[in-house]
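Beneath this line is the structure, given in structure tokens, with notes to follow.
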Amino acid sequence: MIETQSSQLLPALFTHFDPQQRLYVLHLGPAMPETVDFFSGYRCKLFFVDLFTELPLVAEEGGPDLVQQFQGLLDFPEGTQFDICLCWDLLNFLDALAISALQEVLLPFLHRQSRIHCFAVHNPRVRPADRTYAIRQQNEFVVRERVEELPGYTGYGQGQLKDLLSGFKFERTVLRSDKRLEMLLNIKS
Amino acid sequence: MIGPSIVIKGTVSGDEDLLVQGRVEGSIDLGAHEVSVGQSGRVTADINANVVKIDGEVTGDISGNEKVVISKSGNVRGNIVAPRVTLEDGAIFKGSIDMDPGETVANKVSLASARSAEGPAEDLAGTPLGQKSG
């Protein structure tokens, strides 16, 4: 099932950037046709890293720790700085240690004007449907139900994520009709 | 055409379009033409062409002078540079896409806003065109 939903926060991802500049976008999910088509109108470089295919992200005994795992997955050219980072609902499938490791690895690739978009849940005890997301227009995204359930659901409310993402400032939050919390973050100066 | 049973290791270059249904390891350079990787095509190579269409598997960097299209059966791991890239529903892609469409949507919106802010055109006397002065 494909559904189109409006977003009050997606437009805010673009307001800080000069239309003439080249946008660097990190998409932490599957590459979707609408997102590629949307950004085709911009001078940009999109990086697609589908961390959902790596779930569950845990540190196993004798194996690489979580920071090393994320360093291997988020291996970008030196000097890369993302203007926009789209996490969608990834954080709800990472435990606290994984979120901390992700933050540690991601922060060096962000700058003061970077904007991060992600979802939390209104009630962590009620698991929403697993979905993929794509951007169709600046104020609209496309939602598809996932065929298989993703492993490692944890579910975080806004307060819990604020505690875990100590390197970020929560700029705006909107409660959506599907009981997800849509959030816009930037890095603490 | 490179047929399904053919394996090529090395550089593929030429002055015509190419359809790959077999395996290619190395590089494919058909700068002014079209390269298609069919559903049975397995390419581990960098591709440079005017138009690149992928229905099979490609591991490598892709440069399309005009466009790159990854169909629903396509599976690409690598970096793409092209003015326009199209991904069909079902396509799998991992890597980066570097796009510069020329006149961007953002520029078009910016220009339209600037023109409407200027107001209607006027003659030398300051009278809007289409209106009589006095």
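Since every read-out is calculated from the coordinates, none of them should be taken as a lab result. Worth saying up front: this structure is predicted, and the values here are computed from it rather than measured. Here the Cβ is made from the backbone with ideal geometry for all residues, glycine too, and neighbour counts use every protein chain on show.
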Under the rule a/c < 1.5 gives rounded, and otherwise a/b versus b/c splits prolate from oblate, where does the protein assembly as shown land using the Cα gyration tensor? oblate
Lys/Arg +1, Asp/Glu -1 at C-beta; the stretch A:1-144 dipole; positive extreme among A:Gln8, A:Val58, A:Ile84: A:Gln8
Would the stretch A:45-153 count as rounded, prolate or oblate if I go by the C-alpha gyration tensor, calling it rounded below 1.5 in a/c and otherwise prolate when a/b exceeds b/c, oblate otherwise? oblate
Suppose only helical runs count, i.e. DSSP H with n ≥ 4. What mean residue ellipticity at 222 nm does that imply for chain A under -39500 (n - 2.57) per run, divided by all residues and rounded to the nearest 500 deg cm²/dmol? -4500 deg cm²/dmol
From other protein chains only, count the Cβ atoms within 10 Å of every residue's Cβ in A:14-26, then give the mean. 2
Tell me, what is the percent relative contact order of the stretch A:49-189, built from C-alpha pairs under 8 Å that lie six or more residues apart? 27
May I ask you to work out the translational diffusion coefficient for the stretch B:7-101 at 25 °C, viscosity 0.890 mPa s, via Stokes-Einstein with Rh from the Kirkwood sum over Cα pairs, reported in whole µm²/s? 195
List the lysines whose Cα lies under 18 Å from the Cα of A:Lys188, skipping any in the same chain that are fewer than 8 positions away. A:Lys162, A:Lys169
Scoring the stretch B:7-101 by relative contact order with C-alpha pairs under 8 Å, at least six apart, yields a percentage of 18
Lys, Arg +1 and Asp, Glu -1 on Cβ, resulting dipole of the protein assembly as shown about Cα centre, debye, nearest 20: 940
Going by a ≥ b ≥ c, the root eigenvalues of the Cα gyration tensor, does the stretch A:2-187 fall in the rounded group (a/c under 1.5), the prolate group (a/b larger than b/c) or the oblate group? rounded
Which of the GluC sites (Glu not before Pro) found in the stretch A:108-174 are loop residues per DSSP with 15 or fewer other Cβ atoms within 10 Å of their Cβ? A:Glu148, A:Glu149
Name the long-range amide H neighbours of B:Val24: under 5 Å, sequence gap of 5 or more, or other chain; modelled H, no Pro or chain starts. B:Ile8, B:Arg42, B:Val43, B:Thr44
For the stretch B:1-35 and the stretch A:1-67, distance of Cα centres in Å: 32
Counting Lys +1, Arg +1, Asp -1, Glu -1, what net charge surrounds A:Leu23 among other residues with beta carbon under 12 Å of its beta carbon? 0
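Size of the dipole of chain A about the Cα centre, Lys and Arg at +1 and Asp and Glu at -1 on the beta carbon, nothing else charged, in debye to 20?
800
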Hey, in chain A, which Cys have no second cysteine's beta-carbon closer than 4.7 Å? A:Cys44, A:Cys85
With r defined as the distance between the Cβ atoms of A:Gln137 and A:His111 and R0 fixed at 22 Å, what FRET efficiency is calculated, to the nearest 0.05? 0.30
Here the net charge surrounding B:Val20, from other residues whose Cβ is less than 12 Å away from its Cβ (Lys, Arg +1; Asp, Glu -1), is -2
Separation between the A:Asp75 and A:Arg125 pseudo-spin-labels, each 7 Å from Cα along Cα→Cβ, expressed in nm? 4.4
